[in-house]
Each structure stands twice: as structure tokens, then as C-alpha cells.
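Trainee: The structure under discussion is supplied below as C-alpha cells; questions concerning it will follow.
Any read-out appearing in this document is the output of simple, stated calculations on the displayed coordinates, not a laboratory observation. What you see is a predicted model, and the numbers here were worked out from it, not measured in a lab. Methodologically, a virtual Cβ is constructed for each residue, glycine included, from the backbone with ideal geometry; neighbour enumeration extends over all protein chains shown.
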Amino acid sequence: MAARAWRLLARSACSSAAPSESRRLEYYRHREAYGYFLPIQTRWQDNDQYGHVNNAVYHGYFDTIVNHYLIRYCGLRTGLRTSLLVGFVVDSHCTYHAPIGFPQVPMAALAVQRVGRSSVRYRLALFPPKPTEEPPAVAHRDLSDGLFSGHPTLVQFDTLACTTGCFVHVFVNPATGKPTELPEDFRRSLLMLRCSASE
């Protein structure tokens, strides 16, 4: 019953969008919209009293995959004293299509919708494991490096997302707090994940 209620709510949320926006939102539910993936282990504390992952926790999952990619592939330094730029989230939202719970290992997904002078708009999703008796086999390297589109491990996960969302980073100079231009190599690594439904 809970899963059916989630689907109805998600459908009504999308129905208020313009037709082209509705199609775009539906596109982002599909795995082929994304270029980078990271397994996420749910935790006991993630569940709420209804027996599924609490809505606020999904934002943490999304924050995890974005920052994992930025640190691993864009060269982001996370120390305020050593970093030339710091990303602040200025906009964030989630759309819930179906619940997940503990214990599960869903696959987080990341695409880049737009790269500006000092800002980046990301598209995100969470794909549940396919319903089988065995949980998906995730290697240690998958956790440290993540996976790129086409990796064979991805076939163990549903092709339709249980949650989609987006958020916007504005990168600032940590000394001044003012927006700063993204370095060219940083920008290039982000553009590798640019999705085909981008503006």
C-alpha cells in the first residue's frame, strides 16, 4: 500500500509540470540518463517509523555521490586551508517514486545538467536492487572508484529509479566567500557526465 501511495503522489507532482518538463522528469527516472554510479549502503538509523528510509536521508545519499565524484575525479580538496574553491548547495529537491529500506544497497546515480561559470546543476537518482534472493555483489573497488555507465555490475539494479532529484552547487573562494570561476580541468571532468536531456 505504501509503494502505491508513493507512485500516486509522484504522478500528481509530475502532472502539474508542463508537458515537456514532464517528459524530461520521466527521462531522469531511467538509468541511461546517468553517467556515474555509486553503491550506497543503507543504515538502520536511515529508517523511520514507517519502515522505510526517511525522506531527508535521500538528500544525504545525493550529497555523498556528488562529493565523491568531485573529490575522486575533479580534484576537489575538502580542507578550507588547502582548497581553492568550496561548493555550497543553494538549491535541492527530491521526488520519491517508491520506498527503499534497511538493509539494502541501492545504486546512486549522477548526471550533470548544466555547468555555469561558478555553478553546477546536477541530476540525481537512486536505483534499487532487482528483487532476487541474493543482494547485489558490490566490489570494494566499486565503493572507492564508483562505476561509469555500461559497467556490468549495473545489471543487478532496476532500470527505473525509486527516487530522483537535483541540486545546485555554487563554488566560492573560501577566503572571500565570493563565487569563483571553475578551473578548466574541473569543468572538463564535470562535462564528462553531461546528460543528453540538458538545457
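Trainee: Using only helices, what value at 222 nm comes out for the chain when you add -39,500 (n - 2.57) per DSSP H run of length 4 or more and divide by the total residues, to the nearest 500 deg cm²/dmol?
Mentor: Numbers: 5 runs with 56 residues, N = 199.
Value at 222 nm, helices only, nearest 500: -8500 deg cm²/dmol.
Trainee: Right, here's the next one. Of T176, N47, A137, which is farthest on the positive side of the dipole of the chain, counting Cα position, with +1 on Lys and Arg Cβ, -1 on Asp and Glu Cβ, and the Cα centre as origin?
Mentor: Positive-most Cα among the choices belongs to T176.
Trainee: What is the helix-to-structure angle for 2-15, meaning the angle in degrees between its Cα long axis and the longest Cα principal axis of the chain, kept from 0 to 90 and rounded to the nearest 10?
Mentor: 50
Trainee: Also: Tell me, Y69, Y27 in order of fewest to most beta-carbon neighbours within 10 Å?
Mentor: Details: Y69 22, Y27 15.
Lowest count first: Y27, Y69.
Trainee: Beyond 17 Å, how much of the Cα-Cα pair distribution for region 47-136 remains, as a whole percent? Walk me through the intermediate numbers first.
Mentor: Details: 2306 of 4005 pairs.
I get 58 percent for the Cα pairs in region 47-136 exceeding 17 Å.
Trainee: Would you compute, for the Cα atoms of region 67-199, the largest minus smallest coordinate along each principal axis and list the three values in descending order, in whole Å?
Mentor: Over region 67-199, Cα extents along the principal axes are 53, 29, 27 Å.
Trainee: Something else about it: Ranking M107, M192 by Cβ neighbours within 10 Å, fewest first, what do you get?
Mentor: M192, M107
Trainee: If you don't mind, there's one more thing I want to ask. Of E26, E133, E32, how do they rank once you tally other Cβ atoms within 10 Å and put the fewest first?
Mentor: Numbers: E26 15, E133 4, E32 11.
Least to most surrounded, the residues fall as E133, E32, E26.
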